[in-house]
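The structure appears below as structure tokens.
The values are calculated or read from the model by the stated rules, or taken from the named source; none is laboratory data. Computed from a predicted structure; not experimentally measured. In this analysis, Cβ positions are derived from the backbone assuming ideal geometry, glycine residues included, and neighbour counts consider all displayed protein chains. Please note that ligands, DNA and RNA were not included when accessible areas were found on the heavy atoms of the full protein model with its side chains. Shrake-Rupley method; radii C 1.70, N 1.55, O 1.52, S 1.80 Å.
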Amino acid sequence: MKPLFAVFALTLAAGCAPATQAPAAVAVTGAWCRAAPVGALAGGCYLTLTASADDRLVSVATPAAKRAEIHSMDMTGGVMRMRQLKDGLALPAGKAVTLKPGAEHLMIIGPKQVLAAGGAVPLTLTFKKAPPQTISAPIRDAAAPAMQHHGGH
Ligand SMILES: [Cu+2]
């Protein structure tokens, strides 16, 4: 048993050594924001985050709204409840974390622009370890693409 433990400990130690590890990075894919009617008080944005090492989405900011928050949504006693994740969102190494309608999402509160399909929302994502990233999330209607065919012809 002893040699096995030794190998395990060595592997762990190597994983923590900064010299042998690639810099922390988070891949951001599939970002979009839900189109909202003129005068909407808030809007939802969604994306998929994959961290190369254990990390955390700490905060989000946008010049397109008064503020932006990281939210979760869950069912409590049959009621959908939304709450702000004040400590951010955990991003386990190598695991794609998808923020989507009905689950974790980004909320932009007090939009300063109309959230119309075809536009885009700039979002700056701040992580605990990885460098911050600014992306442009296209605004789309929430309807699934397959559903849009019904009204077409
Ligand atoms: Cu929300």
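Those residues that are open to solvent by 40 Å² or more (accessible area, probe 1.4 Å), over 29 Å from MET75 (Cα atoms) and not in a strand (DSSP E or B), I need them from the range 118-130; list them, please.
GLY118, LYS129
So that you can scan it fast, the table gives a plain yes or no per residue for (1) touching a residue at least 24 places away in the same chain (Cβ under 8 Å); (2) within 16 Å of the ligand (Cβ to nearest atom):
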| residue | (1), (2) |
| --- | --- |
| VAL60 | yes, yes |
| ILE70 | yes, yes |
| THR98 | yes, yes |
| GLY102 | yes, yes |
| LEU106 | yes, yes |
| VAL114 | yes, no |
| ALA130 | yes, no |
| THR134 | no, no |
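Counting residues that are at pLDDT 95 or above, surrounded by 12 or more Cβ atoms within 10 Å (Cβ to Cβ) and small (Gly, Ala, Ser), which strands (runs of 3 or more DSSP E) fully inside the range 1-113 reach at least 2?
Working: elements: 26-34, 42-51, 55-61, 65-76, 79-84, 89-91, 96-99, 105-111.
Fully inside the range 1-113 and qualifying: 26-34, 42-51, 55-61, 65-76.
Please determine whether any residue of the range 47-58 is under 17 Å from ALA117 (Cα atoms) and within 16 Å of the ligand (Cβ to nearest atom). Steps first, please.
Taking the range 47-58 first, the residues under 17 Å from ALA117 (Cα atoms) are 47.
Now drop any that are not within 16 Å of the ligand (Cβ to nearest atom), which leaves 47.
The answer is yes, given that some residue of the range 47-58 is under 17 Å from ALA117 (Cα atoms) and within 16 Å of the ligand (Cβ to nearest atom).
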